1. Being within 8 Å of another protein chain (Cβ to nearest Cβ) and more than 28 Å from B:GLN208 (Cβ to Cβ) narrows it down to one of A:LEU33, A:LEU26, A:LEU16, so name that one.
2. Go through the range C:295-308 residue by residue and tally those that are part of a helix (DSSP H, G or I) and in contact (Cβ under 8 Å) with a residue 12 or more places away in the chain.
3. Spot the failing condition for C:GLU430; the list is (1) closer than 27 Å to C:VAL345 by Cβ; (2) without any contact (Cβ under 8 Å) to a residue 24 or more places away in the chain, and only one is missed.
4. Between A:VAL13, A:VAL78, which is within 16 Å of ligand 2 (Cβ to nearest atom) and in contact with a Phe, Trp or Tyr (Cβ under 9 Å, 6 or more places away or on another chain)?
5. Please enumerate the residues belonging to the range C:234-277 that are in contact with a Ser or Thr (Cβ under 6 Å, 6 or more places away or on another chain) and either over 30 Å from B:SER204 (Cα atoms) or crowded, with 21+ Cβ neighbours inside 10 Å (or both).
6. Can you go through A:ARG89, A:ARG94 and tell me which one is more than 10 Å from chain B (Cβ to nearest Cβ) and of a type in the set (Lys, Arg)?
7. For the range C:109-128, what are the residues that are away from ligand 1 (no atom under 14 Å from the Cβ) and either assigned to a loop (DSSP other than H, G, I, E, B) or at pLDDT below 95 (or both)?
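The values are calculated or read from the model by the stated rules, or taken from the named source; none is laboratory data. Since this is a predicted model, take the numbers as computed values, not measurements. Heads up, the Cβs are rebuilt from the backbone with ideal geometry, glycines too, and the neighbour counts pull from every protein chain shown.
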Amino acid sequence: MSSPLRREEVAHVAKLARLSLTDAELDLFTEQLGQVLEHANDMNSLNLEGVVATAHPFGLTNVVRSDEVRASLDRDEVLAMAPDAQDGRFAVPRIMGEAP
Amino acid sequence: MKTAVQIASDVQRGASSADEQLSLSLEAVRARNEELHVFLYVDEDGAREAAARVDDVIAKGDNAGPLAGVPIAIKDNVCQRGVPTTCGSKILQGWRPPYSATVIDRLLAAGAVPVGKTNLDEFAMGSSTENSAFGPTRNPLCPSRVPGGSSGGSAAAVAADMTPLAIGSDTGGSIRQPAALCGIVGMKPTYGLVSRYGLIAFSSSLDQIGPFAKTVTDAATLLEVLAGHDPMDSTSLPEPSPSLVAHLNDGVAGKRIGVVTELIEGADDEIVNEVRRALQAFRDAGATVVELSIPELRLGLSAYYLIAPAEASSNLARYDGVRYGLRVDAADVTAMNEATRTAGFGDEVKRRIMLGTYALSAGYYDAYYGQALKVRTQMIDAFARAYREVDFLVGATTPTVAFAIGEKASNPMAMYLSDVFTIPTNLAGEAAITVPFGTGEADLPIGVQLLGPGRSEAQLLSAARVLELADGRP
Amino acid sequence: MTLANGWEIVVGLEVHTELKTASKMFCGCANSFGAEPNTNICPVCLGLPGSLPVLNERAVELAMAIGMALHSTIAPSTFHRKNYFYPDMPKDFQISQYDLPINVGGYLDLPDASRVSIERAHLEEDTGKSTHLGGTGRLQGAERSLVDYNRSGVPLVEIVSGPDIRSSAQARAYAQELRGILIATGASDGRMEEGSMRIDANVSIRKANAPFGTRCEIKNLNSLRSLQRAIDYEALRQVELLEGGGTVRQETRHWDELLGETSTMRVKEDADDYRYFREPDLVDLAPDQSWQDRVRAGLSPMPAERRQKLAARLIDPTSAQLDAVEVVIDLGLDDLVERAVDEGVSATLAISRAANELAASIDEVKNFSSESFTATLLMEQRGELSATQAKTVLAELLTHGGDPHEVAREMGFEQLSSSSLGATVAALIEEHPDEWTRYREGDEKLAQFFIGQVMKLTKGQANGKSVVAELQARR
Ligand SMILES: [Mg+2]
Ligand SMILES: [Zn+2]
């Protein structure tokens, strides 16, 4: 059986996930991920018509906290762990394009 | 080495001190850590302070808690304020969290003394601790073999008598599998029983923190401290911490126990034999044993390897070089994100991020992620049907004893298959424990797994205690 | 504005409103505008590894209140993650409601009696804020950017209208009415200039009754004026494009307030795959009837109801008076007006002074008491103050505060109080006996003489009608 996954799809997914792959990695990952997806095809053996998806094992609802202000972190401590900071803010190189 | 319960008792009544116990622990760490690579960081100063606080409390005549002066090892995906927390990844190297996980606060309040952070597969993704960016951990019982994973460091710390207790996290077997391969007790509690606040997420709907210990009693004592409602975790169960130690000697007389075909098929004969021997021990203790088949469990691996990577792909997006951890400079922010993540993550993490991204992406969601969630529903229903017939289930924890370092490292699918017996419990959000029972090849330990419905910890612990006694341990 | 050649504008609006909670949506950090950068941040809203969100109860209640005001169904809902990388988003996903929002359907009736349908009003979290360095200070051409996460995790409700709006004026009226509702529910302070209400406009054009055309989304309009201008500009741009034989490309556009034009921000891309999935760290939200009832019981009257109530205070209102009523409601001044009218001020006077004098200093009104307003208008009504003087007193009270009577006296209006005016008139009568006799005998023209004399003595600050009243009283 041929791999259910194409090389271009892996390249696209890597781009979405902000990872860059060498050609060799692309080949390897295409094969390895393909194996996992092929194994996953066993799920198609079940008739899952009408089965509800479970996102949580237990059906908790309405978990809320009251609207109270709690202490924030110390800014200097937080910025000290930043790779780059300036004027009390986190600094980043040029942003390409507006947020969607 | 003494058990945690013995240590706490000695320290509380002044026969020893927390500081003395810490020194013993640090000595054991120094003796073998270089060889085994168990701890990524030993927090000697912090541990000395914690021990001193315990000793102060006792000097004042107060109760220091159920874990008074007990050294404990912390898996390095649990945040502890000011202590380097890496998740076994270069992307977090050097990061010191500005806050502590709820479980750390609970441990400190119970008198425990966190000794340091233990090695793990990067972001808890793996079954051998070989995926750590900082090098593998070795099995204390046979250093050419893996300790299992992803909580391999925590399991090894206890197995090597460095600390009597450790905590790990279990997303698809990451406590039970290394506990089995290291010959100790490990438990994956019911989802929501232990707060996840401060546990660095791998797969949020599956992750659970749980205990490692040499004895069932120690595991119960530790879990009682860890468990309980936390308002910082929306998925935390509303009940208070359950009473576990009090039920340890409840036994299994009159219980109906199911041995599950799907939880032993494919396991090595020596492991199946030990499971059979465990069943006899249960019968001898007054239980009825029935054979069960739950075919849905066969699909667990497939569902798991879509659900966990999908959640992980989103959970791990935040490692982008902007706020903390590694940054690899580049001309613009997109290129910086990409360079940082490419350099910071190892291959297994990349594989799972890509798999999860793919499973969630437009056009594939229904076929993969959506389908996996339905399989999850079926698994929950199938377990529920089984628990209408029996009180709890028995199976193997692992298909084999500890394998050699490097043996499966280049074959992800083979590695994934080593979690085949532990994954269903995580998908169902239920509880399971592994208890050492007999040995196999090269005298390596074998674990028997007991699985129960949600909130069945007390029952599973008391059943595990039956096996412990049957195996000749006090 | 109407378009030429039978083209029709079709607009749907997405309004994001920040909720006026004390703390953020998923953590206890203060939700406050204008704090020092990165001082309201914690592990949760900074997306630190291991942190988990817990939903703010008040945010849920304000979202429900908005839904109730918009006649939506409060439905069981879930949270999803919308995944995309952006530096102002600390987790690199936004927690938002997706296929199951808390408020489903509904409508909003505008003062002109037109109705705009509401598709949904859902909860989501806000992002941080970037400042751009280098170039012109805008994103385009900047060298680097600085990020402040104070706003990250502030609760938002996104209100999505149906594509029912047919003119920029109607869009403006919708936004204005919605703003009034958001203020009335206590959900928002409606301060568009602080970004607490931001509008995206989906604009397309079509020939009457034709299927909808391709739409463009204009992002982040932060004033009613921008909203109206941007829609007009965009509609004309699309007409020109189509009439020139071109086609409209579906894209996101940016409105430049200075240039008065929209420009391409981003075209729909391959990369727009948000991989929505259920937020596993949050549980379902399903407000039961009693929770809903509690929220409903706490709702204040909405603008439409208040408008009707206030207009009913006027007898045979003119259209100018009804316009004034609208201004009073939009600015939330009806409480002041209602109280003044209850104390005996004429509705006409109270509405007029509120719609003009108070409206002109709207920022000061929050420090202004209804007692001061009522007292000033009563003085005016009794003739103790002329219209001009009453306006002057109001302006002084708004800017510096104080007691209306004292302010009037300090401003030299005090002699106009009825007793001092009476004394002035009495003195003049004594001074001019002949004129007084002729006036008493019926020569009304002499009233003007006395008014002139009073004006001279009071440097023009007397009220003519009051002078006549004093004369009449002595006739
Ligand atoms: Mg939105
Ligand atoms: Zn916060």
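1. Working: A:LEU33 fails: more than 28 Å from B:GLN208 (Cβ to Cβ); A:LEU26 fails: within 8 Å of another protein chain (Cβ to nearest Cβ).
It is A:LEU16.
2. Kept after step one, since they are part of a helix (DSSP H, G or I), are these residues of the range C:295-308: C:295-297, C:303-308.
Going one step further and asking which of them are in contact (Cβ under 8 Å) with a residue 12 or more places away in the chain, we end up with C:295-296, C:303-304, C:306-307.
Adding up the residues that qualify gives 6.
3. Status for C:GLU430: all satisfied but (1).
4. Result: A:VAL78 is the single residue among A:VAL13, A:VAL78 that is within 16 Å of ligand 2 (Cβ to nearest atom) and in contact with a Phe, Trp or Tyr (Cβ under 9 Å, 6 or more places away or on another chain).
5. Answer for the range C:234-277, where residues must be in contact with a Ser or Thr (Cβ under 6 Å, 6 or more places away or on another chain) and either over 30 Å from B:SER204 (Cα atoms) or crowded, with 21+ Cβ neighbours inside 10 Å (or both): C:GLU234, C:VAL248, C:GLN250, C:GLU251, C:ARG253, C:HIS254, C:TRP255, C:GLU257, C:MET265, C:ARG266, C:ARG275.
6. Answer to the check: A:ARG89.
7. Narrowing the range C:109-128 to residues away from ligand 1 (no atom under 14 Å from the Cβ): C:109-118, C:128.
The answer is C:LEU110, C:PRO111, C:ASP112, C:ALA113, C:SER114, C:GLY128.
Rundown of residues vs (1) in contact with a Pro (Cβ under 8 Å, 6 or more places away or on another chain); (2) surrounded by fewer than 16 Cβ atoms within 10 Å (Cβ to Cβ); (3) touching a residue at least 24 places away in the same chain (Cβ under 8 Å), yes/no style:
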residue	(1), (2), (3)
C:ALA350	no, no, yes
C:LEU378	no, no, yes
C:ARG382	no, yes, yes
C:SER386	no, no, yes
C:PRO404	no, no, yes
C:VAL407	no, no, no
C:GLY412	no, yes, yes
C:LEU421	no, no, yes
C:ALA426	no, yes, yes
